[in-house]
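The structure appears right after this line, and notes come after that.
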Amino acid sequence: MATPEPTDIRDTLRPGLPDRYLTPEDLVVMFSLPSVETVYQWRRKRIGPTGFRVGKHLRFDPAAVRTWVTEQTALEAA
């Protein structure tokens, strides 16, 4: 008896992966930034959340963004 193929791609991913990675535009909206260029400047200066490339596209793991926000909040509190 053959095993049915999953109908949803998320069923083939290992547990814990997000349903959707964030784009630079998502970060602009989340943090009310002036432009996408701010996100790219953060990346060049290595001061923003850690991102990764998928081909030519920049993506951010929501967990990494959440961790970065927590670290920034802790720095402000100190």
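Quickly run through the range 17-31 and pick out the residues that are surrounded by 16 or more Cβ atoms within 10 Å (Cβ to Cβ) and either of a type outside the set (D, E, K, R) or on the phi > 0 side of the Ramachandran plot (or both).
Within the range 17-31, Y21, L22, T23, P24, L27, V28 qualify.
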Check: Given (1) open to solvent by 100 Å² or more (accessible area, probe 1.4 Å); (2) at pLDDT 95 or above; (3) polar (S, T, N, Q), where does S35 come up short, assuming only one miss?
Finding: (1)
Margin query: If I filter the range 52-78 down to residues being among the small types (G, A, S) and under 10 Å from the mean Cα position of the chain (by Cα), which single residue comes out as surrounded by the fewest Cβ atoms within 10 Å (Cβ to Cβ)?
Written below: A63
Notebook entry, point to check: If you check R44 against the conditions, is it surrounded by 12 or more Cβ atoms within 10 Å (Cβ to Cβ) and modelled with pLDDT of 95 or more?
Noted result: no
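The values are calculated or read from the model by the stated rules, or taken from the named source; none is laboratory data. Since the structure is predicted, the reported quantities are computational estimates derived from the model, not experimental observations. Backbone-built Cβ (ideal geometry, glycine too); neighbour counts: all protein chains shown. Just so you know, the surface numbers come from the protein's heavy atoms only, side chains and all, with ligands and any DNA or RNA stripped out. Shrake-Rupley method; radii C 1.70, N 1.55, O 1.52, S 1.80 Å.
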